[in-house]
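Read through the structure below, which is laid out as structure tokens, and then see the notes.
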Amino acid sequence: MTTTTTTDRAGRPIQAQQFSGSETMTLVTATPFDYGSGHVNPRAALDPGLIFDAGFEDYLMFLCTIPGIDTREITNFTSSSCNSTSGHPSDLNTPSITVSHLVGTRTVTRTVTNIAEQETYVITTRMSPSIAIETSPPAMTLLSGASRKFTVTLTVRSVTGTYSFGEVLMKGSRGHKVRIPVVAMGYQH
């Protein structure tokens, strides 16, 4: 997922089909709802640089934080109980961030593990104007096999009633590029 691209071979944004009420189909710029993480780059996927690791306990916590979930059903299916229902589903350590009900500000933490040689990554962001996005730290160096946390903070600037899209880009000093899609919908307090 982290080694994908959202542009075609000519460098243009990926397109999606959109149907109108008159049965006419037009092409529009696609969103993560159309392409997921994007087109896979097989060569980059063989050497991603960083990985986002998540295990059973992480997924169990994810399930336990889903609003309205019946924790007895989780115990039924997993033979494990929810130790806590606090937190947010967006806390699951995946190489994407989705906050479907953003009120005010939410900070999401991700942990990456370097599976390549030591490398320094510079972190930049891009987001729709209605949502502010910041990362901390702005750069980090990871030894081979080392893990490191970073945060992504999303803040509602304006309420549009639609999803906002963006990404976190991590460019490594050895050429690795890691892209994390970000989706959020802002709401008023």
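The values are calculated or read from the model by the stated rules, or taken from the named source; none is laboratory data. Everything numeric here is computed off the predicted structure, so don't read it as measured data. All Cβ positions, glycine included, derive from the backbone under ideal geometry; neighbour counts span all protein chains shown.
Values for this structure:
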quantity	calculated
Residue in segment 2-24 that is without any contact (Cβ under 8 Å) to a residue 12 or more places away in the chain, surrounded by 12 or more Cβ atoms within 10 Å (Cβ to Cβ) and either outside the structural domain of residue 151 (by TED's automatic domain parsing) or assigned to a loop (DSSP other than H, G, I, E, B) (or both) present	no
Subset of segment 163-189 that is at pLDDT 95 or above and among the polar types (S, T, N, Q) - its residue that is nearest to the chain's Cα centre (by Cα)	164
Given (1) more than 23 Å from residue 40 (Cα to Cα); (2) exposed (fewer than 15 other Cβ atoms within 10 Å of the Cβ); (3) under 13 Å from the mean Cα position of the chain (by Cα), index of the condition residue 108 fails	(2)
So residue 129, is it over 16 Å from residue 48 (Cβ atoms) and outside the structural domain of residue 171 (by TED's automatic domain parsing)	no
Pair list, Cβ < 6 Å and 6+ apart or interchain, from segment 29-44 residues that are assigned by TED's automatic domain parsing to the domain that holds residue 127 to residues that are among the small types (Gly, Ala, Ser) and in a strand (DSSP E or B)	30/16; 34/16
Condition met for residue 166 (without any contact (Cβ under 8 Å) to a residue 60 or more places away in the chain, under 22 Å from residue 52 (Cβ atoms) and of a type in the set (Gly, Ala, Ser))	yes
Total residues in segment 132-160, condition touching a residue at least 24 places away in the same chain (Cβ under 8 Å) and either under 14 Å from the mean Cα position of the chain (by Cα) or surrounded by fewer than 20 Cβ atoms within 10 Å (Cβ to Cβ) (or both)	20
